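> Next up is a structure, given as structure tokens.
Read-outs: derived from the displayed coordinates by stated rules, not from any lab. Since this is a predicted model, take the numbers as computed values, not measurements. Positions of Cβ are backbone-derived with ideal geometry, glycine not excepted, and every protein chain shown enters the neighbour counts.
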Amino acid sequence: MELNLVNEGRRAGYAAARLNEFAERCRKGGLAVTPQPLAIIRAPLASAEHPRADAICAEVRREHPHISLATVHRTLETLCEIGEARKVTMLHDNARYDGNLTPPHHVVCVKCRRIRDIEIPELDRLLAGRSELGEFKLLGSSLEIQALREECGPRESKRRGTRTS
């Protein structure tokens, strides 16, 4: 099975393409296209970290110093409702946002909580063309893989093989 983390070059190209068509899609979704929503969607698109609303707000305030956290929350919720962003929320954690809608899969470090996009073509092909799963109407899918980053794992003893008494 092929698993590939999404690299920064691909992420940047995707973000640029999404922003070029963003205004038209927002109008179709009923969201007024002002500089604030543009700044709000740019933050998660530019970040591989899947930022929380407060981090997005801090980033947007560089350009729009008077924007409130409540406005950022409302706009993010609207962007999610119209399919322009999505929540990546781990159990017992605050919502994190992703402007990258492809791929929909993530690998999450259980220690530091870092999230990275991951491509799993086999899984996408498995569900391609399906509209139902038993009694469920298939709306979409997203896989979250829980893992431990190498930097977060236990450190090997530098004196491996030596006894400590």
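> Under the classification rounded if a/c is under 1.5, otherwise prolate if a/b is larger than b/c and oblate if not, where does region 54-143 fall, given a ≥ b ≥ c as square roots of the Cα gyration tensor eigenvalues? Walk me through the numbers on the way to the answer.
Values: a/c = 2.48, a/b = 1.76, b/c = 1.41.
The shape class here is prolate.
> Around ARG86, under 13 Å between beta carbons, what's the net of Lys plus Arg minus Asp minus Glu among the other residues? Walk me through the numbers before you get to the answer.
Details: positive: ARG18, LYS87, ARG96; negative: GLU77, GLU81, GLU84, ASP98, ASP117, GLU144.
Neighbourhood net charge equals -3.
> Give a residue-ordered list of calculated ³J(HN,Hα) values for region 139-148 (Karplus: 6.51 cos²θ - 1.76 cosθ + 1.60, θ = phi - 60°; whole Hz; x for Gly, Pro).
9, x, 8, 8, 10, 10, 9, 8, 8, 10
> Something else: Only sites in a loop by DSSP and with at most 14 other Cβ atoms within 10 Å count here; which trypsin sites (Lys or Arg not before Pro) in region 18-86 make the cut? Display every interim value, and only then the final one.
Numbers: sites: ARG18, ARG25, ARG27, LYS28, ARG42, ARG52, ARG61, ARG62, ARG74, ARG86; in loops: ARG62.
Loop-located and lightly packed - ARG62.
> Calculate one ³J(HN,Hα) per residue across region 34-48 by plugging θ = phi - 60° into the Karplus curve 6.51 cos²θ - 1.76 cosθ + 1.60, and present them in order as whole Hz with x for glycine and proline.
Whole-Hz 3J(HN,Hα) from phi for region 34-48: 10, x, 5, x, 4, 5, 5, 6, 4, 4, x, 5, 7, 10, 8.
> Oh, and also: What list do you get for TYR97, TYR14 if you sort them by fewest beta carbons within 10 Å?
Details: TYR97 26, TYR14 17.
Fewest-to-most Cβ neighbours within 10 Å comes out as TYR14, TYR97.
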